[in-house]
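One structure is given below, encoded as structure tokens.
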Amino acid sequence: MRLYLGYPDSATAIEKFRLKDRFLSEVSVDYSSVPVEVKKKLLSMLDNVDRKDYLFIGEVFYDGIDLLEFALFSVNVRDYDELLLPGYLYGKPTHLIRNLLKGTFGKRLSVIYDFNLFNGQTVVVNVGYTKSSLSLGGKLLTVIPLGEFHFVDFFGNYLFNRFVGQTGISNAKLRKEGLRGELLDRCRSQAARILFKRSTTLSIPQFNYSREVPGEEVELALSPLTGSSNYGELVEEVSDFSSAVVNSLYRYEELFRERPKVKEVVVIGRLTEPFERSLRRIFPVKVRRVSEEELLKREVESPNFKVAVEKPHFKGEVLRAKPLNVKKVEGGLRELRHLFNRRDLKGLSIIERLTEKAEGKELEDFVYELITIIRRSSFRTKEEVAYLNHSIAALTKLELTESLFEKAVKEIEKQALNWQLPFETKVNILYFCHRNSKRLRGSALEAFPFLMLTYIRDKKVSEGEKNFVRTVCEKFYQS
């Protein structure tokens, strides 16, 4: 018989159970009575089996592996002969779990992983609480430091930041009244309800605040974590789920001297929808969820323990645009179009000059040209990033008719969700939002300032840059 240990549910052929519940039952502690930080540690139990003095509860210090030991006392481990584990527990965690089962329960179980249950043309993603594993062809490729917790936490912070902006209440006042932490926890708990499809509404009754949170906003708000990298694109640094997946595919090619052949993608876990969206874009094949019950029934298809595992570290720095030497030249729209097609930086000075001088028909044609440049620019070269930055900055300064403004917003929205772009580009988009706050109501860019405030929370940016983002968020709904 097979025993599966996973998050949030573990399973046997006769029952599903949660490790945290079994542990708390064993030590006679009510889950609702423990602090939030203790709850987080209980939920991330599997991710931290190698931690010493991991939890202090009931006047006792527990190592990470102790929690699992207590949780398994009521499972009758001796009835099982095979242990199934998520890919993200490969390595030292597996060694500790195997020794626990042998030393404490007197049972030597053979160990297999989720990726051993699928054929050589299947991608397997197992979503844990703070880690997720990516496997391909029966080989574990990477353990990504993103899990259910990060999505709930990030989305909850975004909802809180937007609530503060819409109500006009200052963070300082909330701290003074002792409400900030309480409201932030409330937003996080409601973020979880929204992500798990139990609700579509954010409600804070004491401030008479309630609003629907549509699916499009959820997808936009999670974009800094899911990313938008695609197979075949340049990945300058691994900073989100998509870039981690694409980078691991490139490493697969280097190590095994073959292009990945993928016919199916399976996802295991509770909060899988954000991961599924990214995977559908990267792999144009069927993506399906697999339950714990199915894992228990599947035969081993890839008895392969050869791994190419890496654990990417998401850097706290933001990507910066490199300084460029721009020569000033005279010219008009025709010259600008010619220089941009060649990605010649001389065209940047023409954008600056036309921003100050263009009027009438030339101004309208110039705006169309800027919108075209934004649509055709990407983050692949420093020249394209420079043209993108100059074009957004120019549109911010110009007075746009309603039809041209709508076209500009449509293109800027697409770039706003590309988190591989340098921080300077994000700030330019923020300036555009700041100057056009009233006209942006109802568009996707309405959420961008609050998304930026959430994004920079754990990034290394200057205090001046942080203050600018805060100021835009505070004044966005006041103008």
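The values are calculated or read from the model by the stated rules, or taken from the named source; none is laboratory data. From a predicted model like this one, the values you see are computed outputs, not experimental measurements. Cβ atoms come from the backbone with ideal geometry, glycine included; neighbour counts cover every protein chain shown. Note: areas computed on protein heavy atoms with side chains; ligands, DNA, RNA excluded. Shrake-Rupley method; radii C 1.70, N 1.55, O 1.52, S 1.80 Å.
Brief remarks follow.
- Considering segment 133-212, the qualifying strands (runs of 3 or more DSSP E), each wholly inside and each with 1 or more residues that are of a type in the set (S, T, Y) and within 21 Å of the chain's Cα centre (by Cα), run over 139-144.
- Hits in segment 89-132 - residues which are of a type in the set (G, A, S) and either within 27 Å of the chain's Cα centre (by Cα) or at negative phi (or both): G91, G103, S110, G120, G128, S132
- For segment 216-241, residues that are on the phi < 0 side of the Ramachandran plot and under 8 Å from the mean Cα position of the chain (by Cα) total 7.
- Residues of segment 258-273 that are open to solvent by less than 10 Å² (accessible area, probe 1.4 Å) and in a loop (DSSP other than H, G, I, E, B): L271, T272.
- If only residues of segment 329-383 that are more than 36 Å from the chain's Cα centre (by Cα) and of a type in the set (A, V, I, L, M) are counted, the one that is nearest to E236 (Cα to Cα) is L339.
- Restricting attention to segment 435-445 and to residues that are in a helix (DSSP H, G or I) and surrounded by 19 or more Cβ atoms within 10 Å (Cβ to Cβ), the residue that is modelled with the highest pLDDT turns out to be L445.
- Of all the residues in segment 306-340, those that are of a type outside the set (D, E, K, R), out of contact with any strand residue (DSSP E or B) (no Cβ under 6 Å at 6 or more places or on another chain) and closer than 21 Å to N418 by Cβ number 7.
- Segment 232-257, subset part of a helix (DSSP H, G or I) and polar (S, T, N, Q), residue most open to solvent (accessible area, probe 1.4 Å): N247
- Screening E276 against (1) open to solvent by 50 Å² or more (accessible area, probe 1.4 Å); (2) in contact with a strand residue (DSSP E or B) (Cβ under 6 Å, 6 or more places away or on another chain); (3) charged (D, E, K, R); (4) within 30 Å of K459 (Cβ to Cβ) leaves a single unmet condition, (1).
- Once segment 133-170 is narrowed to residues that are among the small types (G, A, S) and closer than 24 Å to V213 by Cβ, the residue that is surrounded by the fewest Cβ atoms within 10 Å (Cβ to Cβ) is G168.
- Among the residues of segment 14-62, the one identified as in a strand (DSSP E or B), closer than 30 Å to M1 by Cα and open to solvent by 50 Å² or more (accessible area, probe 1.4 Å) is K16.
- Inter-residue pairs, beta-carbon under 6 Å, first among the acidic types (D, E) and in segment 209-228, second exposed (fewer than 15 other Cβ atoms within 10 Å of the Cβ) and assigned to a loop (DSSP other than H, G, I, E, B), 6+ apart: E212/T200
- Pairs where the first residue, in segment 452-477, is touching a residue at least 12 places away in the same chain (Cβ under 8 Å) and the second is open to solvent by 40 Å² or more (accessible area, probe 1.4 Å) and among the small types (G, A, S), C-beta under 9 Å, 6+ apart: E474/G168; E474/S170; Y477/G168
- Residues of segment 186-229 that are of a type in the set (S, T, N, Q) and either open to solvent by less than 40 Å² (accessible area, probe 1.4 Å) or farther than 19 Å from F314 by Cα (or both): S189, Q190, S199, T200, T201, S203, Q206, N208, S210, S223, T226, S229.
- Segment 82-105, subset in contact with a strand residue (DSSP E or B) (Cβ under 7 Å, 6 or more places away or on another chain) and either open to solvent by 10 Å² or more (accessible area, probe 1.4 Å) or polar (S, T, N, Q) (or both), residue nearest to R51 (Cα to Cα): T94
- For S229, the conditions (1) in a helix (DSSP H, G or I); (2) at pLDDT below 95; (3) not basic (K, R) are fulfilled apart from (1).
- Residue selected from segment 457-469 under the condition open to solvent by 90 Å² or more (accessible area, probe 1.4 Å) and part of a helix (DSSP H, G or I), by the criterion farthest from N428 (Cα to Cα): D458
- Residue in segment 106-129 that is open to solvent by 60 Å² or more (accessible area, probe 1.4 Å) and part of a helix (DSSP H, G or I) present: no
- The residue of segment 398-420 that is surrounded by the fewest Cβ atoms within 10 Å (Cβ to Cβ), among those that are under 16 Å from R435 (Cβ atoms) and small (G, A, S), is A408.
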